[in-house]
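Colleague: The structure that follows is given in the form of structure tokens.
The values are calculated or read from the model by the stated rules, or taken from the named source; none is laboratory data. What you see is a predicted model; the values in this text were computed from it and never measured. Please note: Cβ atoms are built from the backbone with ideal geometry, for glycine as well, and neighbour counts cover all protein chains shown.
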Amino acid sequence: MKISTGTLVKTIASLGLTILFLWIAFATVDLHAVLGALTLADPSGLLLGVGIVFLGTFPRAWRWGLLMRQVATPAFGRIFGAILAGYAANSFVPRSGEVARVLALREPGATTGLLATVLVERILDLLTLLILFAIVLQIIPGRIRLVYPWLEAVLLTGSVITVLAVGGILMLAGAGQRAAGGVNRFFSRFSIRGGERLSDLVASFAVGLTSVRGPIGYARVAIHTIVLNACYALSVYFPFSSFGFGERYGLGLGDAVVVMAIATLGIVLPTPGGAGTYHVFCSQALTRLYGVPPEESLAFATALHAGVFLVFLLTGGPILISLLWQRRHRDTTSA
């Protein structure tokens, strides 16, 4: 299986970004103090937090199953495994998980439609993140504006992007076959076969955008999204107890929502598994908003990130390896 030049460049760039952010996170702290905080931490809260992140895979899988009903209806176990493979892929190559999980389902003729459902998922995640930031601005309005003066601009920009994306999806979903017919007529002037292929792609993509309809369908997607993000908030809240953040700094569930929302920015940035970027955003949120010493903040971010990374690597890694092996075998057979 050949690796394209574009993929290689993106991978090198993401690794460079990871190294940069890891340097930012660790360059100015006492590494012995970080290690000491990790050594003294009670593992029970961390294990519970990591376990809850893994449980968050269930509502994500149920939500994706709802979004793909018009495209494919694989068993829940296959959807769950595909998402784990996607997490494992993202741990090495950013943004590769979206493609990996579609390929892991191995649904003939449904690839384009499934990619459309992944796009809808990403927009839902972005919309949820914007809502979380709006909540964060209400929880600690003074401190958040002082420490992150750019947050409101990001919220506004993200809202505009989300509105445009949702508008584009609704237009394409509504146009459906008309859009596909228009693409076919335009490109058939240059190539009849090419026009037909592009038309089929547009039609499949449009179908993938229309799986959820009606109040009940929207409500079910919303419920799974809320449960998913509740899992993420709890995965930050329970590890607070491992480091004594609740007793010593008064951090509670609302503060976990704040830290989770800001740390998510580190996952959004294109680094493998959020390495480096998560460490910076999570630790700085704890230190700058709540006065947690930098060494303890970084120990917390490192422990939680490492635990989640290992869980998804161990559970999704074998599925991803199997997928890559099958693809290599197909490439070798067709060569």
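Colleague: Those residues that are loosely packed, with under 14 Cβ neighbours inside 10 Å and either of a type in the set (Gly, Ala, Ser) or modelled with pLDDT of 85 or more (or both), I need them from the range 161-173; list them, please. Give the steps one after another, and end with the answer.
Modeller: The first filter runs over the range 161-173 and keeps only residues loosely packed, with under 14 Cβ neighbours inside 10 Å, leaving 161, 163-164, 167-168, 170-171.
Hits for the range 161-173 are Gly167, Gly168.
Colleague: Let me ask something else about it. Scanning for something in a helix (DSSP H, G or I), farther than 11 Å from Ala299 by Cα, without any contact (Cβ under 8 Å) to a residue 60 or more places away in the chain and of a type outside the set (A, V, I, L, M, F, W, C), does the range 12-28 turn up at least one residue?
Modeller: Looking for residues that are in a helix (DSSP H, G or I), farther than 11 Å from Ala299 by Cα, without any contact (Cβ under 8 Å) to a residue 60 or more places away in the chain and of a type outside the set (A, V, I, L, M, F, W, C), one finds at least one in the range 12-28, hence yes.
Colleague: I would also like to ask the following. What residue, of Leu310, Leu298, Leu289, is closer than 25 Å to Phe240 by Cα and exposed (fewer than 14 other Cβ atoms within 10 Å of the Cβ)? Spell out the reasoning first.
Modeller: Values: Leu298 fails: exposed (fewer than 14 other Cβ atoms within 10 Å of the Cβ); Leu289 fails: exposed (fewer than 14 other Cβ atoms within 10 Å of the Cβ).
When all the criteria are applied, what remains is Leu310.
Colleague: Looking at the range 45-99, which of the residues that are touching a helix residue (DSSP H, G or I) at 6+ places or on another chain (Cβ under 7 Å) and among the charged types (D, E, K, R) is nearest to Glu247 (Cα to Cα)?
Modeller: Looking at residues that are touching a helix residue (DSSP H, G or I) at 6+ places or on another chain (Cβ under 7 Å) and among the charged types (D, E, K, R), I get Arg60.
Colleague: Let me ask another. Quick one: which residue in Leu129, Leu105, Leu55, Leu35 is buried (at least 17 other Cβ atoms within 10 Å of the Cβ) and either of a type in the set (Phe, Trp, Tyr) or farther than 30 Å from Ala153 by Cα (or both)?
Modeller: That would be Leu105, the only listed residue that is buried (at least 17 other Cβ atoms within 10 Å of the Cβ) and either of a type in the set (Phe, Trp, Tyr) or farther than 30 Å from Ala153 by Cα (or both).
Colleague: Ok, one more. Can you say whether Ala61 is in contact (Cβ under 8 Å) with a residue 60 or more places away in the chain and assigned to a helix (DSSP H, G or I), as far as the supplied structure shows? Before you say what the answer is, go through the steps one by one.
Modeller: Numbers: in contact (Cβ under 8 Å) with a residue 60 or more places away in the chain: no; assigned to a helix (DSSP H, G or I): yes.
The answer is no for Ala61.
Colleague: Gly97 passes all but one of (1) in contact with a Phe, Trp or Tyr (Cβ under 7 Å, 6 or more places away or on another chain); (2) at pLDDT 95 or above; which number fails?
Modeller: Unmet for Gly97, out of (1) in contact with a Phe, Trp or Tyr (Cβ under 7 Å, 6 or more places away or on another chain); (2) at pLDDT 95 or above: (2).
Colleague: Could you check the range 208-220 and list, in sequence order, the residues that are surrounded by 18 or more Cβ atoms within 10 Å (Cβ to Cβ) and in a helix (DSSP H, G or I)? Walk me through how you get there before you give the answer.
Modeller: Within the range 208-220, the subset surrounded by 18 or more Cβ atoms within 10 Å (Cβ to Cβ) is 208-212.
Across the range 208-220, the qualifying residue is only Gly208.
Colleague: Right, something else. So, in the range 225-252, of the ones that are in contact with a helix residue (DSSP H, G or I) (Cβ under 8 Å, 6 or more places away or on another chain) and closer than 20 Å to Leu130 by Cβ, which residue ends up surrounded by the fewest Cβ atoms within 10 Å (Cβ to Cβ)?
Modeller: Across the range 225-252, the extreme among qualifying residues is Val227.
Colleague: Name every residue in the range 84-99 that is surrounded by fewer than 23 Cβ atoms within 10 Å (Cβ to Cβ) and part of a helix (DSSP H, G or I), in order of residue number. Please lay out each step first, then the result.
Modeller: Filtering the range 84-99 down to residues surrounded by fewer than 23 Cβ atoms within 10 Å (Cβ to Cβ) leaves 91-93, 95-96, 98-99.
Matches in the range 84-99: Glu98, Val99.
Colleague: Applying the selection to the range 64-106, what residues are basic (Lys, Arg), in contact (Cβ under 8 Å) with a residue 12 or more places away in the chain and more than 23 Å from Asn229 (Cβ to Cβ)? If you could, list the steps in order and put the result at the bottom.
Modeller: Applying the first criterion (basic (Lys, Arg)) to the range 64-106 yields 69, 78, 95, 101, 106.
Okay, now just the ones that are also in contact (Cβ under 8 Å) with a residue 12 or more places away in the chain, so 69, 78, 95, 101.
Scanning the range 64-106 gives a single hit, Arg78.
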